[in-house]
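Read-outs: derived from the displayed coordinates by stated rules, not from any lab. Keep in mind that this is a model prediction, so the values were computed, not measured. FYI the Cβ positions are ideal-geometry reconstructions off the backbone, even for glycines, and counts take in every protein chain you see.
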Amino acid sequence: MSRRTLTVDDALYRYLLEHSLREHPAQAALRAATATHPHAGMQISPEQGQFMALLVKLLGARRAIEVGVFTGYSALTVALALPDDGRLLACDINDEYTRVGQPYWEQAGVANKIELRLAPARTTLDARLAAGEAGRYDFAFIDADKTGYDAYYECCLELLRAGGLIAIDNTLWGGKVAHPAADDDADTAALQALNAKLHDDQRIDLSLLPIGDGLTLARKR
Ligand code: SAM
Ligand code: CA
């Protein structure tokens, strides 16, 4: 067996960013603006964003979905990777959070690609399915309330075309998924149940990557 994933200490992390990160100025500015937010830790890391942008380009994605926008860094990153006629359906329930990102979407010239729906994501995704949009999307990123993940996964799987990709964030959950969940820890239990379900799910090709807080990639067969 070759080496397991490296432990990335601060010096190595700095090196990784210095030698790979290519942010648009609007991404850097939005990240700086979010850094002082009390929930700044909810934002994906820039290298994870850049990796997701690469996936979006490799897929040739035109239509994407995001479940969980927060201040809009991941949405900005995906939108920048979409072609000019690409569209991102961005789902969140919090206007206060999402309002932070919108000037940066404008600054990057991608605001026209992002359709922000402020409603429970289930409502938005179910409406798209009811409107006959099954099979019409190429990429989805799921990063919202953990107990909702299974439902978001099922909706996104229907909305995606064969060959489309779902990226699911926080699937290692700070390491907690590897230990029995406390009775009152519904988030850990939900992630454990979803990880177990995906492992056996023959509708997808699967990889769980130890990037960030764990990123699961599920390619629709
Ligand atoms: N992807 C974002 C980023 O990288 O900056 C972080 C998203 S943050 C972890 C989770 C978001 O999910 C919050 O903005 C929260 O308002 C949203 N959220 C929570 N419950 C939701 C629901 N039922 N439907 C849609 N969004 C929800
Ligand atoms: Ca996350």
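For the chain, the mean residue ellipticity at 222 nm estimated from helices alone is -13000 deg cm²/dmol, where every DSSP H run of n ≥ 4 contributes -39500 (n - 2.57) and the total is divided by all residues, rounded to the nearest 500. Across the chain, the volume of the C-alpha convex hull divided among the residues equals 143 Å³ per residue. Of all DSSP bridge pairs formed entirely within the chain, close to 35 percent run antiparallel. Backbone amide hydrogens, once placed in the peptide plane, bring ARG63 within less than 5 Å of ARG87, ASP138, PHE139, excluding anything fewer than 5 places away on its chain. Here the convex hull built on the C-alpha positions of segment 63-130 has a volume of 67 cubic angstrom per residue. When the trypsin sites (Lys or Arg not before Pro) in segment 11-74 are filtered for DSSP coil states and for at most 14 other beta-carbon atoms within 10 Å of their beta-carbon, the remaining sites are ARG22.
In this structure, the amide hydrogen of ALA90, modeled 1.01 Å from its nitrogen in the peptide plane, lies closer than 5 angstrom to those of GLU66, GLU115, LEU116, ARG117, counting only residues at least 5 positions away or on a different chain.
Of all the Cα-Cα pairs you can form in segment 146-221, what percent are over 22 Å apart? The answer is 19 percent, as a whole percent.
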